[in-house]
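K.L.:
So that we are looking at the same thing, I have put the structure below in structure tokens.
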Amino acid sequence: EIVMSGEEDTHKEVVAGFFGRVAANWDRVGPPFFKYFGRRLVEVAHIPCGGQVLDVAAGRGAVLFSAAEQVGPQGHVVGIDLAEAMVQGTAAEINQRGVTNAEARQMDAEHLVFPNAAFDCVLCGFGLMFFPDLQGALTEFRRVLRPGGLVAVTTWGEETEPIKCFRELVRAYQSDVRLGLHPLRTPEALKAALQQAGFTNIQVTGEEVDFVNADEEEWWAMMRSEGPGASLERMPSDTLERFKAEAFAMMQEFKDSDGLHYPRRVLYTTAVAPG
């Protein structure tokens with residue numbers, strides 16, 4: 001029997017609660033950047049056709065659907081997530097799209113209910129930062145990978161200018177909720193974490209992509225439906241209105257004739273499970 005400390009449990013409940021509440025709009029407002037980075041992660045992972053894949057913190061399937069396409073009908077992808085609403089949404093979409101080589105299950109990444117060496121590849125898109133026991137989760141990734149199997153993850157890189165400005169404004173309102181526990185914003189931090197879990201041949205590459213929102217309202221809806229929304233939902237409605245007006249004024253600096261620019265920096269990390 002696994003007994004978790006109250007603090008770990010509470011953090012997981014907060015994370016699962018928030019992502020459950022935003023599941024319906026996840027990556028469906030504004031530019032679908034999670035889909036973009038999910039597709040890129042699958043490319044970086046070079047998953048073999050027919051491969052058995054685990055997608056951890058699968059959310060609404062940004063990585064899962066690309067991976068299912070990549071492995072083909074002989075392969076299989078299991079997507080797991082802590083938030084029940086995310087799992088339900090992805091399961092419904094798998095069904096709706098008629099995808100026969102993928103499934104979604106509710107599960108804790110730190111306690112995977114799979115046998116040893118069950119997968120050729122473990123993928124995790126923007127999930128590592130949320131695990132209270134990061135080393136526990138990475139050790140589980142290694143356990144369920146076959147010897148020579150690959151782990152491939154995305155994490156956020158250094159913050160771009162508009163993201164920094166937005167964060168500073170949130171902090172000024174003293175409403176900063178950090179759902180992520182491990183920033184992992186540098187190649188050094190990622191290499192150290194994966195080495196500690198026993199992975200080898202660790203490679204980190206970075207990418208910056210400029211995403212453009214049609215207008216301020218679309219950008220605001222996107223902010224509400226992803227990570228920053230955890231800070232925003234804590235504000236009383238009158239404070240939120242004031243914050244929104246300030247945020248819109250601040251974002252004018254990043255506005256152009258084609259819309260509001262909100263670039264993101266991402267790190268792609270791959271590592272090999274020892275033989």
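K.L.:
Quickly work out the ASN25-to-GLU253 label distance, labels modelled 7 Å from Cα along the C-beta direction, and quote it in nm with one decimal.
P.N.:
Reported label-point gap for GLU253 and ASN25 is 2.5 nm.
K.L.:
Write down the accessible area per residue of the range 128-172 in Å², having rolled a 1.4 Å probe over the full set of protein chains.
P.N.:
Spelled out: the 1.4 Å probe surface of the range 128-172, per residue, equals 36 Å².
K.L.:
Please report the net charge: other residues with Cβ closer than 12 Å to the Cβ of TRP219, K and R +1, D and E -1.
P.N.:
Net local charge, TRP219 excluded: -2.
K.L.:
Give the percent of DSSP beta bridges with both residues in the chain that are antiparallel, rounded to the nearest 5.
P.N.:
50
K.L.:
I've got another one for you. Under 20 Å from a point 7 Å along the Cα-to-Cβ line of GLN88: which residues of the range 46-81 have their amide N that close?
P.N.:
Under cut-off, by backbone N: 57-62, 79-81.
K.L.:
Roughly how tilted is helix 216-225, in degrees to the nearest 10 and between 0 and 90, from the longest Cα axis of the chain?
P.N.:
40
K.L.:
From the residues ALA221, GLN174, GLN74, which one has its Cα farthest along the dipole of the chain in the positive direction, the dipole being from +1 and -1 charges on Cβ of Lys/Arg and Asp/Glu about the Cα centre?
P.N.:
Of the options given, the answer is GLN74.
K.L.:
Now for a separate question. Specify which residue in the list GLN252, THR269, ILE47 is farthest towards the positive end of the charge dipole of the chain, using unit charges on the beta carbon of Lys, Arg (+1) and Asp, Glu (-1), about the Cα centre.
P.N.:
Of GLN252, THR269, ILE47, it is ILE47.
K.L.:
What is the distance in Å between the Cα centres of the range 249-275 and the range 138-166?
P.N.:
About 15 Å separates the Cα centre of the range 249-275 from the one of the range 138-166.
K.L.:
Full extension from GLU158 to LEU179: what is 0.36 nm times the residue separation minus their Cα-Cα distance, to one decimal in nm?
P.N.:
5.9 nm
K.L.:
Ordered by residue, what ³J(HN,Hα) values in Hz, to whole numbers, does the range 28-33 give under the Karplus form 6.51 cos²θ - 1.76 cosθ + 1.60, where θ = phi - 60° and Gly and Pro are x?
P.N.:
Per residue, the Karplus-derived 3J(HN,Hα) values read 10, 10, x, x, x, 6 Hz.
K.L.:
At a 10 angstrom cut-off on C-beta neighbours, averaged per residue, how do the peptides 123-134, 143-154 rank from highest to lowest?
P.N.:
123-134, 143-154
K.L.:
Taking the Cα centre of the range 179-240 as origin, work out the dipole magnitude from +1 charges on Lys and Arg Cβ and -1 charges on Asp and Glu Cβ, in debye rounded to 20.
P.N.:
Roughly 580 debye, rounded to the nearest 20.
K.L.:
What distance in nm separates the two pseudo spin-label positions at ARG171 and ALA118, each 7 Å out from Cα along the beta-carbon direction?
P.N.:
Distance between the two pseudo-spin positions: 4.1 nm.
K.L.:
Just the accessible area per residue of the range 66-113, please: how many Å² with a 1.4 Å probe?
P.N.:
Value for the range 66-113: 48 Å² per residue.
K.L.:
Placing unit charges on C-beta atoms (Lys and Arg positive, Asp and Glu negative, everything else neutral), compute the dipole magnitude of the range 91-136 about its Cα centre in debye, rounded to 20.
P.N.:
160
K.L.:
Follow-up. Keeping the other protein chains in place, figure out the carbon and sulfur percent of the accessible area of the range 92-173, with a 1.4 Å probe.
P.N.:
Here carbon and sulfur together make up 48 percent of the probe-accessible area.
K.L.:
Then there is this: Quote to one decimal, in nm, the extra length available between ALA192 and THR205 on full extension: 0.36 nm per residue of separation minus the C-alpha distance between them.
P.N.:
Answer, rounded to one decimal: 3.2 nm.
The values are calculated or read from the model by the stated rules, or taken from the named source; none is laboratory data. What you see is a predicted model, and the numbers here were worked out from it, not measured in a lab. So basically every Cβ, Gly included, is an ideal-geometry build from the backbone, and we count neighbours across all protein chains shown. For the accessible areas, the whole protein counts, side chains as well, though only heavy atoms, and no ligand, DNA or RNA atoms are used. Shrake-Rupley method; radii C 1.70, N 1.55, O 1.52, S 1.80 Å.
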